[in-house]
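Reviewing the structure listed below.
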Amino acid sequence: MESTSFIERILRGAALSLIVIFFLFPIFWILLMSFQTNEEILRIPPSLFFTPTLSNYAALITGKLATVSGTLDIAFMKNLWNSVLLSTASVAIALALGVPAAYAFARFKFRLGEDIAFTLLSFRFAPPLLVLLPLSLYFQALGLTDTYVGLIWVYQLIALPLILWIVRGYFEDISPDIEHAYRVAGHSWGRTFLRIAIPLARPGIAAAGLLAFIFCWNNFVFALILASADKQPVTVGALAFVTASGIQYGQIAAAIVLSVTPTLALALYAQRYLVEGLSLGAVKG
Amino acid sequence: MAALELRSVSKAFKASKVLDSVSLAAEEGEIVCVFGPSGSGKTVLLRLIAGVEQADEGSIMLEGRDVTDTAPEARGVGMAFQNFALFPHMSAFDNVASALTARRASPEAIRGKVEKIARLLKIGHVLEHAPRELSNGQKQRTALARALVADPKILLLDDPLRNVDAKLRYEMRLELPALLRTSGSTVLYVTQDYKEAMALGDRIAVLLDGGVAQVAKPADIYREPATLGVARLFGDPAINLVPVQPLASPSGPKIGIGGASLSLPASYAHAIGKRCMLGLRPESLAVEAQPSQESFDVDLVAATPLNEKTLLLLRTADGRELLASEPNADEAPRRHGPAFARFDANAVLLFDAANGRRIAPQSA
């Protein structure tokens, strides 16, 4: 590192800044929009200077959307809560099912094992719209339409394959001898799984859980078709801002800021698990 | 009752048979070195005893108890893995203690035992370190401590010195026998270094081609190897092998090397006419400047001085290469060129060329 010249460092800094600006500018612009009224957003040319207002956030939190043609009731906070509930529950269930399954696929060779694993992965290939029609019919028959349980179940299509395949790879990377050593030391199979395999695969489990959470959070079509207003997450709830009297850009921006915050916070928190290189020095390389 | 007994145990992976009907027994407190070239199934044998792998056939008895179908945690063995297999997310202390926590000992008792074994293995000062902070030697000692700490009746050591540097290996080779004696365990020690096997083992079990070729005391294995394969594995430099066919003569059996007719002891009379391999240990070959009775012509091609001995490369009249070794003396260095070799007729080994088995001398 000491060998890098001054010019090289300047160039590297400039390149990094460019990339950061390119990717973060839209988010920055949305953040600015969320503090402006619709009129300020739509003026031409756009300007960086405006008098900030909290009216967008106020409207979202109180649930009263003031438009030209009167006040509309919106359920944004309810939608946000739905998103949290649906994503958290889905990921929790997917982890509870997927992590043991991933371990089984990684450690044991059984009949049809690879086929089952691949079938689970294939859920990710199918376009959601293709499965939605039959699914909605089944859900009506089963009485699962417009229930949290139904949505969480469908979200397993998103979360379970992801967790299964990512975590499986991490389990496969753990030397079986480490687990063997723990068993020879007198510990049962179950304790070995809990005390050795899971802690060692934790970076993978954290990464898979985070990704699954983000995918669940961002899902749109499943919730649009299978749930009605009071069970819908923010992704669908944002449609309410397209009103008869125009599109409420300010509120949409504020809604985006509010709905990005939980996933961002989670990603920042989980980051330290993602980079944790626990397996280092475990066995002689 | 043997502390450990394998009864015709077989194990195959896919199509290849790694162990073919292996039987082996070890008495209580005995150190048995399992020795063989890499790929001979030594590690698999240990893993079968530990219960980490399942035998296809045969049974495994520990102290008279059939444990063939017992889970590894219920077998009560201690094992040190070749790759150490330390738990990377636990401190060295917890690694060692893991063999005790399963037995529901009190925290004070665990601490006491761990610290005692750590002192013995000189890792007391690194107990709070994570495995990645340990040197290779410390890792290896931690793995050994983990295997030893619970005083297992059966101790399985899978080439524990393989992955440590030469200096430490030498040190541990001196320390280990005393350590293993104090533990009182029955030890199965896997190694592919014949010197290690000779230094540590009460007996050596030689594993070759999936079977036990010979089980004997170290000195006996060296002096009286059961087969050609075993003879080849022991000794550095390796044993010289010369195809011969003993012939009858009035003064006893004779063999021909490089045109010379040399005598074998009369006790080999029953080998007359058989196609044989003559095994000559390099140290039983003497090289002299003057011909004598029973010597044969050789060409001294190279002399390589090692620390305590000199290695001589000889070529016989019919072009065969032989190695001789002689203790370093303060004589003038060997002159290359024609010389005369003589072997100690009582130290020769004779093997049946057809099946590789040793032909033992028969007293008349």
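The values are calculated or read from the model by the stated rules, or taken from the named source; none is laboratory data. Just so you know, these numbers come straight off a predicted model, no measurement behind them. Cβ atoms come from the backbone with ideal geometry, glycine included; neighbour counts cover every protein chain shown.
Conditions (1) assigned by TED's automatic domain parsing to the domain that holds B:LEU200; (2) within 16 Å of B:VAL190 (Cα to Cα); (3) part of a strand (DSSP E or B), marked per residue:
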{"position": "B:ALA12", "(1), (2), (3)": "yes, no, yes"}
{"position": "B:LEU19", "(1), (2), (3)": "yes, yes, yes"}
{"position": "B:CYS33", "(1), (2), (3)": "yes, yes, yes"}
{"position": "B:VAL44", "(1), (2), (3)": "yes, yes, no"}
{"position": "B:ARG47", "(1), (2), (3)": "yes, yes, no"}
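The residues on offer are B:THR182, B:THR186, and the sole one that is surrounded by fewer than 21 Cβ atoms within 10 Å (Cβ to Cβ) and of a type in the set (Val, Ile, Thr) is B:THR182.
Counting only helices (runs of 4 or more DSSP H) that sit wholly inside region A:162-246, those with at least 3 residues that are of a type in the set (A, V, I, L, M), assigned by TED's automatic domain parsing to the domain that holds A:THR261 and in contact (Cβ under 8 Å) with a residue 12 or more places away in the chain are A:202-218, A:221-226. Pairs linking a residue in region B:338-350 that is assigned to a helix (DSSP H, G or I) to a residue that is among the small types (Gly, Ala, Ser), with Cβ atoms under 6 Å and 6 or more positions apart or on different chains, are B:ALA347/B:SER284.
Pick out the one residue from A:SER259, A:SER188 that is surrounded by fewer than 20 Cβ atoms within 10 Å (Cβ to Cβ) and among the polar types (S, T, N, Q). Give the derivation first.
On the way: A:SER259 fails: surrounded by fewer than 20 Cβ atoms within 10 Å (Cβ to Cβ).
Going through A:SER259, A:SER188 in turn, just one is surrounded by fewer than 20 Cβ atoms within 10 Å (Cβ to Cβ) and among the polar types (S, T, N, Q): A:SER188.
Considering only region A:149-185, state which residues are farther than 16 Å from A:ALA94 by Cα, surrounded by fewer than 18 Cβ atoms within 10 Å (Cβ to Cβ) and away from chain B (no Cβ under 14 Å). The answer is A:GLY169, A:GLU172. For B:LEU233, the conditions (1) modelled with pLDDT of 90 or more; (2) of a type outside the set (D, E, K, R); (3) within 30 Å of B:PRO338 (Cα to Cα) are fulfilled apart from (3).
Which residues, taken from region A:232-256, are under 17 Å from A:VAL84 (Cβ atoms) and modelled with pLDDT of 85 or more?
A:GLN232, A:PRO233, A:VAL234, A:THR235, A:VAL236, A:ALA255, A:ILE256
Applying a threshold of 9 Å to beta carbon distances and a minimum spacing of six or more residues, or different chains, the list of pairs starting in region A:131-147 at a residue that is closer than 17 Å to A:ALA229 by Cα and assigned by TED's automatic domain parsing to the domain that holds A:ALA227 and ending at one that is among the polar types (S, T, N, Q) and part of a helix (DSSP H, G or I) reads A:THR145/A:SER136.
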